[in-house]
Amino acid sequence: MLIDPIMTFAFDPPAVATMPIADEDTRFPIRRVFCVGRNYADHVVEMGGDPDREEPFFFCKPADAVSHGRDDIPYPSRTMDLHHEMELVIAIGTGGTNIKESDALTHVFGFAAGVDLTRRDLQAEAKKRGRPWDMAKGFDLSAPMSAIRRSKAGGKEGDAGFIRLAVNGETRQDGDLGQQVWKVSEIIANLSTYVELKAGDLIMTGTPAGVGPLAIGDVVSGEIEGIGSVRFTMTQRP
Ligand code: MN
């Protein structure tokens, strides 16, 4: 990044959040993290929603909520009900607004496997009171992810393949990317009507059924076929 040579900062600017790229030495600089709510019909039902195909809705996590390669994730503060949500992550390589569905996959840099960690109790309270979800979703270390795998199939990798998560070796979520209500191309097209997407944006695309609570000591392992895997242990609060 070019910085104006006459600009001086009151303190050192924060480091850019980055992710590794599988089998490459270069890293992917993260700009923003968008998340899709309710994108697998069976998860919509388990959350008490209507599985009809309503327009996707989005929320955000901060870029520096993403973690990679951490063996331990401390159980977050202010919750008694932390849930796992295993998700496909789209990494945007070329930005745009009002992107056409037919062009959307050309904007994909690659994909990762991620977990949308959620303070379910805070989310339930926010839903009940009509309050924002930020503190339920966008807390520190709330998005552990695999490395990004660069797309070799023109973005089609995100349309099919198993998506699974196990806790202590026991399968909790076992779905297929083909079950997504909104496909990768549709999510990109729809989101780009709200914001200008730019290189470095990540989109977590929602979770299949089987979400549930995590406890201190749990070993969480998730994998998406052909894309990546993530593994961490929940540890004591700091
Ligand atoms: Mn989610």
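I'd like the residue in the stretch 28-53 that is among the hydrophobic types (A, V, I, L, M, F, W, C) and in a loop (DSSP other than H, G, I, E, B) and, out of all such residues, is farthest from the ligand (Cβ to nearest atom).
Filtering first and then ranking leaves ILE30.
Number of residues in the stretch 86-96 that are open to solvent by 10 Å² or more (accessible area, probe 1.4 Å) and either in a helix (DSSP H, G or I) or of a type outside the set (Val, Ile, Thr) (or both): the value is 3. Restricted to the stretch 97-113, and to residues there that are surrounded by fewer than 22 Cβ atoms within 10 Å (Cβ to Cβ) and hydrophobic (A, V, I, L, M, F, W, C), the residue that is farthest from the chain's Cα centre (by Cα) is LEU105. Being touching a Pro at 6+ places or on another chain (Cβ under 7 Å), of a type in the set (A, V, I, L, M, F, W, C) and either under 16 Å from THR207 (Cβ atoms) or open to solvent by 80 Å² or more (accessible area, probe 1.4 Å) (or both), is that true of even one residue in the stretch 56-68? No: zero hits. With respect to the stated conditions, ASP116 fails to be over 17 Å from the mean Cα position of the chain (by Cα) and within 16 Å of the ligand (Cβ to nearest atom). Only residues that are away from the ligand (no atom under 16 Å from the Cβ) and buried (at least 21 other Cβ atoms within 10 Å of the Cβ) were counted in the stretch 201-215, giving 1. Looking across the stretch 216-230, the residues that are surrounded by fewer than 23 Cβ atoms within 10 Å (Cβ to Cβ) and touching a residue at least 60 places away in the same chain (Cβ under 8 Å) come down to ILE216, VAL220, GLU223, GLU225, GLY226, GLY228, SER229.
Taking the stated definitions as given, is ARG70 under 21 Å from PRO238 (Cβ atoms), more than 16 Å from the ligand (Cβ to nearest atom) and of a type in the set (Lys, Arg)? Criteria met by ARG70.
Residues of the stretch 154-177 that are touching a Leu at 6+ places or on another chain (Cβ under 8 Å), on the phi > 0 side of the Ramachandran plot and surrounded by fewer than 19 Cβ atoms within 10 Å (Cβ to Cβ): GLY154, GLY161. When LEU117 is tested against (1) buried (at least 19 other Cβ atoms within 10 Å of the Cβ); (2) within 28 Å of ASN98 (Cβ to Cβ), exactly one condition is not met: (2). Pairs meeting the criteria (first residue in the stretch 200-214 and on the phi > 0 side of the Ramachandran plot, second residue at pLDDT below 95 and within 11 Å of the ligand (Cβ to nearest atom), beta carbons under 7 Å, at least 6 apart or on different chains) are GLY206/GLY37; GLY206/ARG38; GLY206/ASN39; GLY206/TYR40. Would you mind stating whether ASP25 is away from the ligand (no atom under 16 Å from the Cβ), outside any strand (DSSP E or B) and either under 19 Å from LEU191 (Cβ atoms) or not polar (S, T, N, Q) (or both)? Spelling it out, ASP25 is indeed away from the ligand (no atom under 16 Å from the Cβ), outside any strand (DSSP E or B) and either under 19 Å from LEU191 (Cβ atoms) or not polar (S, T, N, Q) (or both).
Tell me, yes or no, whether the stretch 135-153 has at least one residue that is part of a loop (DSSP other than H, G, I, E, B), open to solvent by 20 Å² or more (accessible area, probe 1.4 Å) and on the phi > 0 side of the Ramachandran plot. So far as the stretch 135-153 goes, yes, one or more of its residues are part of a loop (DSSP other than H, G, I, E, B), open to solvent by 20 Å² or more (accessible area, probe 1.4 Å) and on the phi > 0 side of the Ramachandran plot. If you go through the stretch 189-200 and keep only what is open to solvent by 70 Å² or more (accessible area, probe 1.4 Å) and either outside any loop (DSSP other than H, G, I, E, B) or among the charged types (D, E, K, R) (or both), you end up with GLU196, LYS198.
The values are calculated or read from the model by the stated rules, or taken from the named source; none is laboratory data. On a predicted model such as this, the values are computed, not experimentally measured, just so you know. So basically every Cβ, Gly included, is an ideal-geometry build from the backbone, and we count neighbours across all protein chains shown. We work out accessible area using only protein heavy atoms, side chains counted, and drop any ligands, DNA or RNA first. Shrake-Rupley method; radii C 1.70, N 1.55, O 1.52, S 1.80 Å.
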